[in-house]
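What follows is calculated from the coordinates using simple rules that are stated; it is not laboratory data. Note that the coordinates shown come from a computational prediction; the quantities given were computed from them, not determined experimentally. Don't worry about glycine lacking a Cβ; one is built from the backbone with ideal geometry, like all the others, and counts go over all protein chains shown.
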Amino acid sequence: MNSTQKFWKRFQNQKFYQICALMGIGYLLVFAYVPMVGLIIAFKNFKLSSGIPGFFTSEWVGFKWFSEFVHDINFWQIIRNTVVISLLKIVFTFPIPILFAITLNEVRKEGLKRFAQTASYLPHFISWVVVSGMLFSFLNSQNGVINQLLMNFGLIDKPLSFLASADYFWPMLVLSDIWKEMGWWTIIFLAAIAGIDPTLHEAAVVDGAGRMQRILYVTLPSIKPTIIVVLILALGNLFGGGLGGSNFEQAYLLGNPVNNSVSEIIQTYTLKMGLAQGRYSYATAIGLIQSVISLTLILISNYSAKKASGVGLF
Amino acid sequence: MKRGFKRTKEDYIIDGVVYTILILVMIVTIYPFYYSFIISLNNGIDASRGGIFLWPRVFSWDNYAAVFSNEQLIKAYGVTITRTLVGTVCSVTFTALVAYSLAHKDLMFKNVYFLILIVAMYFSGGLIPYFILIKKLHLMNTFAVYIIPDLLSVFNVIIMMTFFRELPEALKESARIDGASDMRTFFKIMVPISAPVFATIALFNGVHHWNAWFDSAYFVTDKNLKTVSFQLMELINKANLTAVTGTNVADAQRSATYAAQTFTAESIRMATMITVVVPIICVYPFLQKYFVKGIMVGSVKG
């Protein structure tokens, strides 16, 4: 039997697996790779009427759209909002699940621990649409719970307009993101803590370490690899909104004409320029800037994590 | 840590802090749901005066009556329920078949397939080229736009693949020796023993479909094809604009309609939110032991 025949025999033998795998790959080629190829319209003058072939046939315009975006009067505001919101989320949202996992791990009453954990996942499964609805009810200046409480305690004289003001927008995004995703990401850290070799803790007890010392010198160092992996994941999606990937939905649902100066981000602007105004090439160029920065970030963070600690995604 | 030892001062402090945090977290997590619930069961005009914190002041079913008599909303529930069921079944089946095949030990061209998979996970064409694709595939304004583009997520493939890899190879071998076809082996042997990972992926898919509003907003214009999350999004958009313009919710509502009406935009919104949230609350706790494993596999090993 020659090698071609062997090849076909082996292929025949795994026909079922090949057909299924190829269906999946074919699907990805259409729904993931065709749009990737479509990114070239960022350098072209694309008209919707020319369809998918228009990705290739439309005329090249070089970096025209990129330079137009840089000169857009909203450019600096959009970049600032995207960067600031993303950084605020990494800094404040990322550490919370780690702290909560350590807290939960110190709870000795199993039933209470399980109930608290189950409750803490709930917001993850609820859409941002519903969460926004709750925020409007809690923060509005007519009958919002927060304003009523602050007034009852005499902390403020008249209701604060949380929703119709640029000042409270960023804190609102960060806090609601923590509220929604904290419990979900706690799962990973809690599982990592559960995987710690108990003899490490026993040895620390013998050496006279207290609970706080064991948290700091046994628990935290033991889950360091998990923390790094999750951090790389979060950094890779930095401009999408980190772990929860919530930047777009938050900015879209909670943004309004009054807070526009702090809520317009690259993703919402892409949507406005592209789908609302039909400037497809321009919008693609804006979106591409974000994709390229994100990809660079994940490569850099993966590389430096590997260098520093030997832990990486790939 | 160990019982029987004398509790130190440190133990008391740490326990104090831990339980305080725990109780605070539980209140902050659960109360917004509870608050939405009591407002949805209160006379809307009365609720707009504020002062309701712990239980309904003027109990009323009117908000739910209004929600369930809104034909557009009922249609939207129909669309959402259908898409959730059809979408989840199709997507879980497809994902499982692809993942099972990719987990096959001897699969030829494995490296090429994996490369295609990984690149698709970390890089995407973004919204606009995707929109053009959907439009040119003539998926706009069809029910299929809810199903087909969501059939396969790389993340879910990796979770399932990791699971299938752990299954003993001997199972496949013995089925083969007994003369079962590969497809039969998959459906009759592999699927039943893989219930945990199927439950996880079904939950992820189901929740995604149930909550989806973006495709309904931008890929569908037919009013009868909108999802309930989209309808809710519209209600919330209105609330957002009301917050900006500063009109009093109750007054605006009262002047616009007849005096006998007891509900407001807010109370209707709360009732709609509760109807969207309750099915999720009823399902996810029972799948907890499965998805805890699922998310571990996907994020840490993936």
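Details
- Rounded tilt (10° steps) of B:9-40 against the dominant C-alpha axis of chain B: 70
- With 5 Å bins from 0: P(r) over the range B:1-87, alpha-carbon pairs, percent: 3, 11, 12, 11, 11, 12, 10, 8, 6, 6, 6, 4, 1, 0
- Cα shape, chain B, gyration tensor, a/c 1.5 rule: oblate
- Evaluated at q = 0.12 Å⁻¹: base-10 log I(q)/I(0), Debye formula over Cα of the range A:68-309: -0.83
- Compactness index (Cα Rg / 2.2 N^0.38 Å), the protein assembly as shown: 1.04
- In summary, the lysines within cross-link reach of B:LYS238, defined as a Cα separation below 20 angstrom excluding same-chain residues under 8 places away, comprise A:LYS272, B:LYS223, B:LYS226.
- Among A:LEU220, A:LEU29, A:LEU231, residue whose mean-square fluctuation peaks in a GNM of chain A (springs only between Cα atoms under 10 Å): A:LEU29
- Counting only residues at least eight positions apart within a chain, or on another chain, the lysines with an alpha carbon under 21 Å from that of B:LYS105 are A:LYS6, A:LYS9, A:LYS15, B:LYS172, B:LYS188, B:LYS301.
- Kyte-Doolittle at least 0.5, axis length at least 30 Å by Cα - qualifying DSSP helices, chain A: A:169-194, A:280-309
- Mean residue ellipticity, 222 nm, helices only, chain A: the sum of -39500 (n - 2.57) across DSSP H runs of n ≥ 4, divided by residue count and rounded to 500, is -20000 deg cm²/dmol.
- Counting Cβ atoms of other protein chains within 10 Å of each residue's Cβ and taking the mean over peptide A:177-184 gives 2.
- Ranking of B:HIS208, B:HIS138 by neighbouring Cβ atoms within 10 Å, starting from the fewest: B:HIS138, B:HIS208.
- Of the residues B:ASP11, A:ASP197, the one with the fewest other Cβ atoms within 10 Å heads the list, and the complete ranking is A:ASP197, B:ASP11.
- Within the listed set B:ASP15, B:ASP106, B:ASP215, the Gaussian network model of chain B (springs between alpha-carbon atoms below 10 Å) gives the highest mean-square fluctuation for B:ASP15.
- Listed by chain and number, the aspartates and glutamates whose C-alpha is less than 19 Å from the C-alpha of A:LYS109, apart from same-chain residues fewer than 8 away, are B:GLU10, B:ASP11, B:ASP15.
- For chain B, the mean residue ellipticity at 222 nm estimated from helices alone is -22000 deg cm²/dmol, where every DSSP H run of n ≥ 4 contributes -39500 (n - 2.57) and the total is divided by all residues, rounded to the nearest 500.
- Excluding exposed DSSP-loop trypsin sites (Lys or Arg not before Pro) (at most 15 other C-beta within 10 Å), longest clean stretch of chain A: A:110-314
- Cα pair distances of the range A:29-117 binned at 10 Å [whole percent]: 14, 21, 20, 17, 14, 12, 3
- Loop chymotrypsin sites (Phe, Trp or Tyr not before Pro), the range A:103-171 (other Cβ atoms within 10 Å of the site Cβ: 13 or fewer; DSSP): A:PHE153
- Computed from Cα atoms, the angle from the helix B:110-122 axis to the main principal axis of chain B rounds to 20 degrees.
- Here the Gaussian network model covers chain B, with springs between Cα atoms less than 10 Å apart; of B:THR245, B:THR88, B:THR275, B:THR245 fluctuates the most.
- Within the shell defined by Cβ-Cβ distances under 14 Å, the residues around B:VAL79 carry a net charge of +1, with Lys and Arg each +1 and Asp and Glu each -1.
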